[in-house]
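Remarks on the structure that follows.
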Amino acid sequence: METDDPSGPFGNKSLGEPPAIPVAPAVRNAVLHATGVAVNSLPMNPQKLVEEFRKGGLL
Amino acid sequence: MYDIASLYSASCAEDAISELARDPEAVVIAGGTDVLIKIRAGELAGCRLVSIHGIRELEGVTCRENGDLHIGPLTTFRGITQSEVIRRCVPCLGEAADQAGGPQLRAMGTIGGNVCNGVTSADSASTLMTLDAIFRVRGPDGQRDIPISEWYRGVGKVALRHAELLTCIIIPRRHYEGFSGHYIKYAQRSAMDIATLGVSCLVKLSGDKARAEQVRLAFGVDGPVPMRAPTAEAGAAGLPVDEAIEKIGALALADVNPRTSWRASREFRMQLIKELSGRALRQAVINGGGAVKC
């Protein structure tokens, strides 16, 4: 909290977004790695995955 | 909040029937887990209720001398699940009843209400379909037995006439003896949710437990009423268990015609039917003491 971040305005550093942002891409990339199907929109719920897997020829 | 014009507490089944016969608009209430919700939502606002709650002759599960099971319609979901007779003879029905709603609902909601309400998503319905249950109803003109295949008439409609009361759900011995089963409820959440798809499978294994001699498969929510899958049943019968498990899902697709609703798309339901049919059969085989490869 006390450190000065020269890349931010007035030396501040964001704490809310950085930990939240990469989670969805990480899950999406894990799905891509496991199946070869790239999903590019949320939510990645079961129904969406079934539809995407069909498009990708997995089902 | 609850707009109820009058409540008549019936003392016995006969009393309820005669009160219903007197009032063609009266609505039967048992556990109230469906009726009270409709009243609060305004659908049944200003209704006159005939309560059958607490009528002893309509409660409990017994195994008759001939092996037939008689389930009192006022038996709660919890009563079904905890019944010694159910656990011994048709454990899969007890497990299916245990998936309805949450603990409070299962302590109040009754199996009779679950089937008289006529909804396709009822958690006990698909298993009762595979068991070919018989519904004994009594009205002012006497008693009649309705097989479950003739029970469901459409969304929220069953073969029950006004002033008729479901008095017993009968599962004949030959319908359950030698069978093992499994019910899978697929929903967004694992509790307090309505099934996106319910799949119930019963299997009778051969003596050496290598083959699926007879298979019965039923779905809830894949149509307006719970339904059996005759093509899948016929196609899987007689096959070695692993082959039956592999094939039954694709076979079942010929029996169903699900629609797209806000809950799930047709495509998604087809995938669930294909996948979960095999899984239900697999677990049914395991419950019957059979060995599966995958």
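The values are calculated or read from the model by the stated rules, or taken from the named source; none is laboratory data. As the structure is a prediction and not an experimental result, all values here were calculated from the model. Because the Cβ atoms are built from the backbone with ideal geometry, glycine has one as well, and the counts that use them run over all protein chains shown.
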For this session: Please specify each residue of the range B:253-287 satisfying the condition of being farther than 16 Å from residue B:184 by Cβ and either not in a loop (DSSP other than H, G, I, E, B) or not β-branched (Val, Ile, Thr) (or both).
Result: B:253, B:254, B:255, B:257, B:259, B:261, B:262, B:263, B:265, B:266, B:267
For this session: Run down B:53, B:70 and say which single residue is in a loop (DSSP other than H, G, I, E, B) and either crowded, with 17+ Cβ neighbours inside 10 Å or modelled with pLDDT of 95 or more (or both).
Result: B:53
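Yes/no matrix, rows are residues, columns are (1) in contact with a Leu (Cβ under 6 Å, 6 or more places away or on another chain); (2) modelled with pLDDT of 95 or more; (3) in the same structural domain as residue B:114 (by TED's automatic domain parsing):
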position: B:224; (1), (2), (3): no, no, no
position: B:231; (1), (2), (3): yes, yes, no
position: B:234; (1), (2), (3): no, yes, no
position: B:246; (1), (2), (3): no, yes, no
position: B:260; (1), (2), (3): no, no, no
position: B:264; (1), (2), (3): no, no, no
position: B:267; (1), (2), (3): no, no, no
position: B:278; (1), (2), (3): no, yes, no
position: B:281; (1), (2), (3): no, yes, no
For this session: Looking only at the range A:2-59, count how many residues are away from every other protein chain (no Cβ under 14 Å), of a type in the set (D, E, K, R), surrounded by 10 or more Cβ atoms within 10 Å (Cβ to Cβ) and assigned to a helix (DSSP H, G or I).
Result: 1
Exercise. For the range B:76-105, which residues satisfy the criterion of being in contact with an Asp or Glu (Cβ under 7 Å, 6 or more places away or on another chain) and surrounded by fewer than 23 Cβ atoms within 10 Å (Cβ to Cβ)?
Worked result: B:81, B:99
Exercise. Taking the range B:172-184 only, how many residues are of a type outside the set (Phe, Trp, Tyr) and buried (at least 24 other Cβ atoms within 10 Å of the Cβ)?
Worked result: 2
For this session: Could you grab me the full set of residues in the range B:235-252 that are surrounded by fewer than 17 Cβ atoms within 10 Å (Cβ to Cβ) and either within 14 Å of another protein chain (Cβ to nearest Cβ) or part of a helix (DSSP H, G or I) (or both)?
Result: B:243, B:250
For this session: Report those strands (runs of 3 or more DSSP E) wholly inside the range B:90-158 carrying at least 1 residues which are touching a Leu at 6+ places or on another chain (Cβ under 7 Å) and touching a residue at least 40 places away in the same chain (Cβ under 8 Å).
Result: B:134-139
